[in-house]
Amino acid sequence: MNPAMGAMVAQSAIANPGAALAVAQATLASTQAGQVASQATQSAASGVTDGWNALTSQCFGPSVDEGLEKEDENEYVVKDVGSEAASFRLRMCVYSGEHLPRERSYIVVTVGAGTEHEKKITSVVASESEHPLWEFALDEEIKVEGISPRVDIRIFGKRMVGGDRLVGTATVRLPVQAMESPKKQELRLVGNASMFAPMQWKAGHTGRITVVWQVCNIGSYALDLNRVAEMDGDDMEKTNHTVILKVLKLSLKQSLPQQGVNVTAKLTRLDGNERPLTRVSPETMTWPSSGNASSTANLTEESLLACRDASWMEEGRPGCTLDPWVMHESKVTLMNWFLDITVSGLKIDTSMEETSRYRNRRVKRLSTLLRRKAETSNSTEIGSWREPLSDLLQTISENGHALRFDADLGPRAGVLAVELDIFTDRPHKSLLSLKGDAAIVNAVSQVPVRLGMPPESKWGDKVRYCCSFFADGLPFTQQCRPYIRIVMGNASAMTDVQEQQAVNDVFWNQPATIDTTRFYRKATVELYHCVDPKGGRNPEADTLMGTQTIYDVSLDKEYWIHYYGGAVNAPHKDIAQNMVKGALRPPSTYQGSVAVHLGSKRLSRDDFVAKVQAKRATRRLVVRLHRGVYLETFKGKKVNVLVQLAGCRLPDTQEAQRLLKLRAAERKAKETGETIDVDAAQRLASEVTDPARLNRNILSFPGEVNDAGVLVFTQPTADGYAHEHCDWVELRSLKDFPLKTPPGETHVYLYVVPVGEEKEAPQVFARLRMNMRLPGEPNATPPRWRRLRWDRSVVDTLPPS
């Protein structure tokens, strides 16, 4: 758990007691003429919104399962247990540990401890760390014979001499029946304090481990427990989720005679505890690709026999919204649910078609006959699509808007254009409503195709991916020689190591090739720094800079991944690594971005770089901050609130002046026809890519913290000799240096840094969600408090147990 240090007024707030900073909005605006020309500040007399949003406490699982009674923090006992034996499957993941002795460690799990069915499973040895990340998963059959089974988890320290040492033990009591959802727990290790060396065991702290487990019926759907372990405690709590599906257009790959079509959408739970929840769209007619469904004046008999498209309309607008689903589930239990879409066509009786094929027959007569529903007509399936609801929810949450995509109905069927939204409080913004901004409209028009899960008969089909990689924004250190490893199921592949230091615009000439099957739709992409001077790749020894998972892998498609972790050169390297791996959330520092192309064949460097650059949009960042509170740590100090955005940087002052002069010379040469200095142009190209001349702080808000711990922002007075306090300050990124924003990034990071400590790692940070704003569109979102957090990789502030 990352303890709260404060909050900021922003788009949303879930705060624990602690320091608070008042923010308004972070907006990513398109760069167009007429916008504010510089990093100008604006202030207004409006006051700051007072108060907090409701504070929520963090928890790690639902209430005690039925049939169990809580005895203490780690153990449950059974109320009523029958004597009849039953078999279940125990799925468990011992994910990570905190505040253990700094040594190499491993786990021994005893399933059914104290019974004749006792079984021990041992993990591999983790690297030396006070905060180890094991990710040790097991899947075992258990017998329930009149007593509640017990699972003992023992942590051992690996020793080279003298035998391994027991660090601590935790116990889990299992229920006597299958569980609806996994349980996530933080278990306190129990052991003799004398066994811990004084210098290795951190004073005042008790060792803990994070465990996720579930008792399931044999043959039930297996959830990804590692993914559950990385979720927040709030994700375990049930709430009402509303699912809205809008059907837009059907595009077939083969021409068919005109017929009626409809869409059936089902929410299906694979463990069989719930019946499918079905919604059916109204029927519509297919039309030729060049035809217009509103008029038959220009259609011929031949064109009506060669139809490929169908569109749905609702009150004169494109699309048909199906009746919404409302589900009382947690984000974890949603992993059991799948969205199934089936497109069916009304099959017309052949005799009816033949009666309409006489020469010189009017098209209107043909259309009437084909629309008629005869008693002999029946429906036939055109194509189907399926995907886990949790994967769709994650994509919507990351993007911050409704998901617009084309569902692939099969290799010979076609695609169905839909828009899906899943929300708890209020609907997300629909991309279909964005108009007037060419850049945004262009982004919306590039609709992704989601293949969905293949049918079970195709799971074993072989597939080869040629993986091309492009990296940008990597940490600027003394030496950064990156390489990438991709893992799909049991198969993995690695790129070559960059021969020289590489930070920005990094491309690997040789793609990585990975052979797997269609069953594996999940790809883990890991970014490493090679520590071997000779370039030997060893993921066990090299520095992991980032790891992310793609959950919907498709051929010939690009994916953008943004890596986050602990502070660069953090004093607490174990915690920084756990932030990289997702064991501690949220991470504090941007570590770089990677564009991945998973293709059926090798992609040339020029083609891939062109695809990557085309995805990066030109934007300006607008942020408004109001006030901060509970910042006693910085009272009496002047501070700057620095703003960073993934993949974006600005030239430093000296480089900016040089670039502006060179641009002015180029404009003058273009206007007058004079030749430019070739040497100056070459120097420009070389200096722009020098990471030492680039600044990742896009905006800087100066302020002062008074003796009450309240942060008030300031701006220079008209004469420039003093600073005045403002109720709020709004800054915009420089117009002369627009930002090249990569796709998929949804948050900016804010850092509170005392004046004079800019070269040290920031101790306090916050995340602020961005919203897309059109030129001239007002800010409709009111300011809200955002929580500030201690960066635990810099300041380990976990309170003693």
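The values are calculated or read from the model by the stated rules, or taken from the named source; none is laboratory data. All values reported here derive from a predicted model rather than from experimental measurement. Heads up, the Cβs are rebuilt from the backbone with ideal geometry, glycines too, and the neighbour counts pull from every protein chain shown. Just the protein is used for accessible areas: all its heavy atoms, side chains included, with ligands, DNA and RNA removed. Shrake-Rupley method; radii C 1.70, N 1.55, O 1.52, S 1.80 Å.
The share of accessible area on the range 465-551 that comes from carbon and sulfur is 40 percent, using a 1.4 angstrom probe.
Taking square-rooted eigenvalues a ≥ b ≥ c of the alpha carbon gyration tensor, is the range 507-588 rounded, prolate or oblate, where a/c under 1.5 means rounded and, failing that, a/b exceeding b/c means prolate? Kindly include the intermediate steps, with their values, before the conclusion.
On the way: a/c = 2.30, a/b = 1.38, b/c = 1.66.
Oblate.
Between Lys635 and Asn226, the distance separating the two model label sites (each 7 Å from Cα on the Cα→Cβ line) works out to 4.7 nm.
Per residue, the range 481-594 exposes 41 Å² of accessible surface when a 1.4 Å probe is rolled over the protein heavy atoms with every protein chain present.
Accessible surface area normalised per residue over the range 597-655 is 45 Å², counting heavy atoms of protein chains with a 1.4 Å rolling probe. Listed by chain and number, the lysines whose alpha-carbon sits under 24 Å from that of Lys668, ignoring those within fewer than 8 places in the same chain, are Lys735. When you count the other C-beta atoms within 10 angstrom of each residue and take the mean per peptide, 545-554, 586-595, 512-521, 530-539 line up highest first as 586-595, 545-554, 512-521, 530-539.
If I stretch the segment between Lys462 and Glu398 completely, what's the gain in nm (0.36 nm per residue apart, minus their alpha carbon distance), one decimal? If you can, show how the numbers build up before the last one.
Numbers: separation 64, 0.36 × 64 = 23.04 nm, distance 3.08 nm.
Fully extending the segment from Lys462 to Glu398 adds 20.0 nm.
Whole-Hz Karplus values for the range 395-402 come out as 5, 5, 5, 5, 7, x, 8, 4 Hz, taken residue by residue from phi with 6.51 cos²θ - 1.76 cosθ + 1.60 and θ = phi - 60°; glycine and proline positions read x. Each peptide among 318-328, 631-641 gets the average number of other Cβ atoms lying within 10 Å of its residues, and from highest to lowest they stand as 631-641, 318-328.
Order these peptides, 382-393, 146-157, by their mean beta-carbon neighbour count within 10 angstrom, highest first.
Values: 382-393: 21.5, 146-157: 19.1.
Those peptides, ordered most packed to least, come out 382-393, 146-157.
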